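Visitor: For reference, the structure I am asking about is given below.
The values are calculated or read from the model by the stated rules, or taken from the named source; none is laboratory data. As the structure is a computational prediction, the values presented were derived from the model and not from experiment. Cβ placement follows ideal geometry from the backbone for every residue including glycine, while neighbour counts extend to all protein chains displayed. Protein only, heavy atoms only, side chains kept; ligands, DNA and RNA dropped before computing areas. Shrake-Rupley method; radii C 1.70, N 1.55, O 1.52, S 1.80 Å.
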Amino acid sequence: MATVLITGASAGLGLEFAWQLATARYDLVLVARDTERLERLASQLHAAAGVRVEVLPADLSVRDDVERVAERLRATERPIGLLVNNAGFAVGKRFVGGNLAAQERALEVMVRAVLVLSHAAAGQMSARGRGAILNVSSVAALLASGPYSAHKAWVRSFTEGLAVELKDSGVTATVLCPGFVHTEFHERADVNVVGYPEIAWLSVDSVVATALADVRRGVIISTPSLRYRAVSGVVRMLPRPAVRALGRYRKATDHLEDVEPESSDGVAAL
(Lines give C-alpha, C1' and ligand atoms only; values in the text may rest on other atoms or scores of the structure.)
Protein backbone atom coordinates (compact mmCIF):
# COMPACT_ATOMS: atom_id res chain seq x y z
CA MET A 1 0.00 0.00 0.00
CA ALA A 2 1.28 3.50 -0.88
CA THR A 3 2.39 6.05 1.70
CA VAL A 4 0.73 9.49 1.73
CA LEU A 5 2.33 12.73 2.96
CA ILE A 6 -0.11 15.40 4.17
CA THR A 7 0.88 18.96 5.08
CA GLY A 8 -1.30 20.89 7.51
CA ALA A 9 -2.38 17.50 8.82
CA SER A 10 -3.35 18.47 12.36
CA ALA A 11 -6.59 20.35 11.65
CA GLY A 12 -9.45 20.91 9.24
CA LEU A 13 -9.18 19.38 5.78
CA GLY A 14 -5.75 17.96 6.56
CA LEU A 15 -7.09 16.11 9.58
CA GLU A 16 -9.97 14.69 7.54
CA PHE A 17 -7.57 13.59 4.80
CA ALA A 18 -5.55 11.77 7.45
CA TRP A 19 -8.57 9.91 8.83
CA GLN A 20 -10.06 8.95 5.46
CA LEU A 21 -6.72 7.73 4.11
CA ALA A 22 -5.90 5.81 7.29
CA THR A 23 -9.32 4.17 7.14
CA ALA A 24 -8.48 3.15 3.56
CA ARG A 25 -5.31 1.51 4.96
CA TYR A 26 -2.73 3.96 3.63
CA ASP A 27 0.41 4.58 5.67
CA LEU A 28 0.88 8.27 6.47
CA VAL A 29 3.48 10.98 6.95
CA LEU A 30 1.92 13.88 8.86
CA VAL A 31 3.39 17.39 8.59
CA ALA A 32 2.41 20.39 10.73
CA ARG A 33 3.98 22.76 13.28
CA ASP A 34 2.50 21.34 16.48
CA THR A 35 4.55 18.27 17.44
CA GLU A 36 2.37 17.29 20.39
CA ARG A 37 -0.82 17.48 18.35
CA LEU A 38 0.76 15.46 15.53
CA GLU A 39 1.98 12.73 17.87
CA ARG A 40 -1.44 12.46 19.51
CA LEU A 41 -3.09 12.17 16.11
CA ALA A 42 -0.55 9.57 14.97
CA SER A 43 -1.34 7.42 18.00
CA GLN A 44 -5.08 7.69 17.37
CA LEU A 45 -4.74 6.78 13.69
CA HIS A 46 -2.50 3.81 14.41
CA ALA A 47 -4.81 2.53 17.13
CA ALA A 48 -7.94 2.94 15.00
CA ALA A 49 -6.68 1.74 11.62
CA GLY A 50 -3.47 -0.18 12.32
CA VAL A 51 -1.51 1.84 9.76
CA ARG A 52 2.04 3.11 10.09
CA VAL A 53 2.11 6.85 10.84
CA GLU A 54 5.26 8.95 10.66
CA VAL A 55 5.36 12.39 12.29
CA LEU A 56 7.37 15.15 10.62
CA PRO A 57 7.03 18.46 12.51
CA ALA A 58 7.78 21.41 10.25
CA ASP A 59 6.96 25.08 9.82
CA LEU A 60 6.60 25.52 6.07
CA SER A 61 7.40 29.23 6.29
CA VAL A 62 10.95 28.19 7.31
CA ARG A 63 12.99 27.11 4.30
CA ASP A 64 15.14 24.61 6.18
CA ASP A 65 11.95 22.89 7.39
CA VAL A 66 10.57 22.80 3.85
CA GLU A 67 13.79 21.15 2.69
CA ARG A 68 13.44 18.44 5.36
CA VAL A 69 9.97 17.63 4.06
CA ALA A 70 11.27 17.70 0.47
CA GLU A 71 13.99 15.20 1.43
CA ARG A 72 11.30 12.84 2.72
CA LEU A 73 9.46 13.19 -0.58
CA ARG A 74 12.61 12.34 -2.53
CA ALA A 75 13.33 9.23 -0.46
CA THR A 76 13.18 5.91 -2.26
CA GLU A 77 12.64 3.89 0.93
CA ARG A 78 8.91 3.81 1.75
CA PRO A 79 8.35 6.22 -1.14
CA ILE A 80 5.50 8.70 -1.07
CA GLY A 81 2.76 7.74 -3.51
CA LEU A 82 0.47 10.70 -2.85
CA LEU A 83 1.39 14.22 -1.72
CA VAL A 84 -1.39 16.38 -0.26
CA ASN A 85 -0.24 20.01 -0.19
CA ASN A 86 -2.86 21.34 2.22
CA ALA A 87 -1.05 23.68 4.64
CA GLY A 88 -2.06 27.33 4.62
CA PHE A 89 -3.67 30.13 6.60
CA ALA A 90 -5.55 33.41 6.30
CA VAL A 91 -3.60 36.47 7.43
CA GLY A 92 -6.88 38.23 8.04
CA LYS A 93 -6.14 41.92 7.44
CA ARG A 94 -6.00 44.15 4.40
CA PHE A 95 -2.70 44.17 2.57
CA VAL A 96 -2.25 47.97 2.61
CA GLY A 97 -1.12 49.01 6.07
CA GLY A 98 -1.10 45.41 7.28
CA ASN A 99 1.59 43.14 8.65
CA LEU A 100 4.06 42.55 5.80
CA ALA A 101 5.91 39.80 7.69
CA ALA A 102 2.66 37.82 7.99
CA GLN A 103 2.03 38.25 4.26
CA GLU A 104 5.53 37.01 3.47
CA ARG A 105 4.99 34.01 5.69
CA ALA A 106 1.73 33.22 3.89
CA LEU A 107 3.53 33.44 0.55
CA GLU A 108 6.19 30.98 1.76
CA VAL A 109 3.61 28.47 3.00
CA MET A 110 1.00 28.64 0.25
CA VAL A 111 3.21 29.29 -2.77
CA ARG A 112 6.89 28.49 -2.29
CA ALA A 113 6.35 25.36 -0.18
CA VAL A 114 3.83 24.03 -2.72
CA LEU A 115 6.37 24.64 -5.49
CA VAL A 116 9.28 22.98 -3.68
CA LEU A 117 7.34 19.99 -2.38
CA SER A 118 5.61 19.38 -5.71
CA HIS A 119 9.01 19.45 -7.43
CA ALA A 120 10.43 16.91 -4.98
CA ALA A 121 7.41 14.61 -5.24
CA ALA A 122 7.11 14.83 -9.03
CA GLY A 123 10.75 13.89 -9.51
CA GLN A 124 10.58 10.82 -7.29
CA MET A 125 7.19 9.71 -8.63
CA SER A 126 8.14 10.17 -12.28
CA ALA A 127 11.21 8.00 -11.78
CA ARG A 128 8.93 5.21 -10.50
CA GLY A 129 6.26 5.84 -13.12
CA ARG A 130 3.39 6.28 -10.65
CA GLY A 131 2.05 8.65 -8.03
CA ALA A 132 -0.23 11.63 -7.50
CA ILE A 133 -0.02 15.21 -6.24
CA LEU A 134 -3.05 16.96 -4.73
CA ASN A 135 -2.72 20.70 -4.14
CA VAL A 136 -5.41 22.53 -2.16
CA SER A 137 -6.58 25.79 -3.72
CA SER A 138 -10.00 27.42 -3.34
CA VAL A 139 -12.81 28.98 -5.35
CA ALA A 140 -11.30 32.21 -4.01
CA ALA A 141 -8.69 31.67 -6.74
CA LEU A 142 -11.27 33.06 -9.18
CA LEU A 143 -11.88 36.24 -7.17
CA ALA A 144 -10.03 39.46 -6.35
CA SER A 145 -9.85 39.18 -2.56
CA GLY A 146 -6.29 40.18 -1.81
CA PRO A 147 -3.16 38.07 -1.38
CA TYR A 148 -5.08 34.95 -0.32
CA SER A 149 -6.91 34.87 -3.66
CA ALA A 150 -3.62 35.48 -5.44
CA HIS A 151 -1.90 32.60 -3.64
CA LYS A 152 -4.76 30.24 -4.42
CA ALA A 153 -4.90 31.40 -8.05
CA TRP A 154 -1.20 30.57 -8.33
CA VAL A 155 -1.80 27.08 -6.88
CA ARG A 156 -4.58 26.44 -9.37
CA SER A 157 -2.60 27.63 -12.39
CA PHE A 158 0.59 25.90 -11.27
CA THR A 159 -1.18 22.57 -10.76
CA GLU A 160 -2.83 22.72 -14.17
CA GLY A 161 0.57 23.33 -15.76
CA LEU A 162 2.11 20.53 -13.72
CA ALA A 163 -0.63 18.15 -14.89
CA VAL A 164 0.21 19.00 -18.50
CA GLU A 165 3.91 18.36 -17.91
CA LEU A 166 3.21 15.04 -16.17
CA LYS A 167 0.92 13.71 -18.92
CA ASP A 168 1.78 10.11 -19.86
CA SER A 169 4.30 9.85 -16.99
CA GLY A 170 2.07 7.72 -14.77
CA VAL A 171 1.88 10.64 -12.30
CA THR A 172 -1.14 12.93 -11.94
CA ALA A 173 -1.69 16.40 -10.50
CA THR A 174 -5.04 17.55 -9.10
CA VAL A 175 -6.04 20.90 -7.65
CA LEU A 176 -8.85 20.97 -5.07
CA CYS A 177 -11.02 24.11 -5.17
CA PRO A 178 -13.57 24.01 -2.34
CA GLY A 179 -15.89 26.76 -1.20
CA PHE A 180 -16.99 27.30 2.40
CA VAL A 181 -16.28 24.17 4.44
CA HIS A 182 -17.47 23.37 7.97
CA THR A 183 -14.11 23.30 9.78
CA GLU A 184 -12.41 25.43 12.42
CA PHE A 185 -10.76 27.57 9.72
CA HIS A 186 -13.13 30.52 9.84
CA GLU A 187 -13.42 30.53 13.62
CA ARG A 188 -9.63 30.46 14.08
CA ALA A 189 -9.22 33.21 11.48
CA ASP A 190 -12.04 35.25 13.06
CA VAL A 191 -13.61 35.54 9.61
CA ASN A 192 -17.07 37.12 9.64
CA VAL A 193 -19.41 34.57 8.04
CA VAL A 194 -22.59 35.71 9.79
CA GLY A 195 -25.49 35.66 7.40
CA TYR A 196 -24.17 33.03 5.00
CA PRO A 197 -26.93 30.48 4.30
CA GLU A 198 -26.41 26.84 5.19
CA ILE A 199 -26.55 25.93 1.50
CA ALA A 200 -23.23 27.77 1.04
CA TRP A 201 -21.43 25.33 3.34
CA LEU A 202 -19.91 21.96 2.52
CA SER A 203 -19.15 19.13 4.93
CA VAL A 204 -15.48 18.39 5.40
CA ASP A 205 -15.95 14.65 4.87
CA SER A 206 -17.69 15.12 1.52
CA VAL A 207 -15.02 17.58 0.30
CA VAL A 208 -12.21 15.16 1.12
CA ALA A 209 -14.06 12.15 -0.29
CA THR A 210 -14.67 14.03 -3.55
CA ALA A 211 -11.04 15.12 -3.76
CA LEU A 212 -9.71 11.59 -3.25
CA ALA A 213 -12.16 10.16 -5.78
CA ASP A 214 -11.04 12.77 -8.30
CA VAL A 215 -7.37 11.94 -7.64
CA ARG A 216 -8.11 8.28 -8.36
CA ARG A 217 -9.81 9.25 -11.63
CA GLY A 218 -7.03 11.62 -12.69
CA VAL A 219 -9.24 14.72 -12.61
CA ILE A 220 -7.17 17.92 -12.83
CA ILE A 221 -9.57 20.48 -11.29
CA SER A 222 -11.67 19.12 -8.42
CA THR A 223 -14.53 21.41 -7.32
CA PRO A 224 -16.71 19.64 -4.74
CA SER A 225 -20.49 20.01 -5.13
CA LEU A 226 -22.61 20.97 -8.09
CA ARG A 227 -23.40 24.37 -6.61
CA TYR A 228 -19.76 25.43 -6.38
CA ARG A 229 -19.08 24.10 -9.87
CA ALA A 230 -21.94 26.34 -11.01
CA VAL A 231 -20.61 29.32 -9.02
CA SER A 232 -17.14 28.82 -10.48
CA GLY A 233 -18.57 28.72 -14.00
CA VAL A 234 -20.51 31.95 -13.45
CA VAL A 235 -17.51 33.77 -11.93
CA ARG A 236 -15.28 32.76 -14.85
CA MET A 237 -17.84 34.30 -17.24
CA LEU A 238 -18.23 37.58 -15.34
CA PRO A 239 -16.43 40.70 -16.58
CA ARG A 240 -13.39 41.36 -14.41
CA PRO A 241 -14.80 44.71 -13.16
CA ALA A 242 -17.73 42.74 -11.69
CA VAL A 243 -15.31 40.32 -10.01
CA ARG A 244 -13.35 43.24 -8.56
CA ALA A 245 -16.59 44.82 -7.31
CA LEU A 246 -17.40 41.59 -5.48
CA GLY A 247 -13.97 41.77 -3.83
CA ARG A 248 -14.60 45.35 -2.71
CA TYR A 249 -17.95 44.31 -1.22
CA ARG A 250 -16.30 41.52 0.76
CA LYS A 251 -13.67 43.88 2.17
CA ALA A 252 -16.36 46.31 3.26
CA THR A 253 -18.34 43.65 5.13
CA ASP A 254 -15.66 41.44 6.72
CA HIS A 255 -13.96 42.22 10.03
CA LEU A 256 -10.80 40.16 10.47
CA GLU A 257 -7.93 39.81 12.92
CA ASP A 258 -4.33 38.70 12.32
CA VAL A 259 -4.21 34.95 13.02
CA GLU A 260 -2.37 32.05 11.49
CA PRO A 261 -4.14 28.69 11.49
CA GLU A 262 -2.20 25.74 10.13
CA SER A 263 -4.58 24.30 7.56
CA SER A 264 -6.07 25.52 4.34
CA ASP A 265 -9.65 24.53 5.05
CA GLY A 266 -11.93 26.26 2.63
CA VAL A 267 -12.27 29.90 1.67
CA ALA A 268 -11.01 32.62 3.97
CA ALA A 269 -12.16 35.50 1.78
CA LEU A 270 -14.75 34.34 -0.72
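Visitor: Based on the Cβ-Cβ distance of Phe95 and Asp64, what FRET efficiency does E = 1/(1 + (r/R0)^6) give at R0 = 25 Å, to the nearest 0.05? Before the final figure, lay out each step's value.
Guide: Numbers: r = 27 Å, r/R0 = 1.09.
Once the sixth-power term is evaluated, E becomes 0.35.
Visitor: Determine the gain in length on full extension of the stretch Glu54-Asp205; use 0.36 nm per residue of separation and subtract their C-alpha separation, reporting nm with one decimal. The partial results should precede the final answer.
Guide: Numbers: separation 151, 0.36 × 151 = 54.36 nm, distance 2.27 nm.
Gain on stretching Glu54 to Asp205: 52.1 nm.
Visitor: Once the piece of chain linking Arg240 and Val164 is laid out straight, how much longer is it, given 0.36 nm per residue of separation minus the C-alpha distance between them?
Guide: Length gained between Arg240 and Val164: 24.7 nm.
Visitor: Could I ask something else about it? May I ask you to derive the relative contact order of the range 34-133, considering only C-alpha pairs under 8 Å and at least 6 residues apart, and to give it as an integer percent? Please list the in-between numbers first.
Guide: Values: 87 pairs, mean separation 31.1, N = 100.
Reported as a whole number, the value is 31 percent.
Visitor: Send over a whole-number figure in Å² for the accessible area per residue of the range 51-181, probe 1.4 Å.
Guide: On the way: 5080 Å² over 131 residues.
Here the residues of the range 51-181 average 39 Å² of exposed surface.
Visitor: Using the Karplus equation 6.51 cos²θ - 1.76 cosθ + 1.60 (θ = phi - 60°), what ³J(HN,Hα) coupling, rounded to whole Hz, does each residue of the range 142-153 give in order, writing x for Gly and Pro?
Guide: 8, 10, 10, 10, x, x, 4, 4, 5, 4, 5, 5
Visitor: Using a 1.4 angstrom probe on the protein heavy atoms only, line up Thr172, Thr223, Thr76 by accessible area, largest first.
Guide: In descending accessible area the options line up as Thr76, Thr172, Thr223.
Visitor: Length gain on complete extension for the stretch Glu39 to Ser157, per 0.36 nm per residue less the alpha carbon to alpha carbon distance?
Guide: 39.1 nm
Visitor: Follow-up question, since we're still on this one. Heavy atoms only, 1.4 Å probe, whole protein assembly: order Arg52, Arg128 by accessible area, highest first.
Guide: The ranking, largest first, comes out as Arg52, Arg128.
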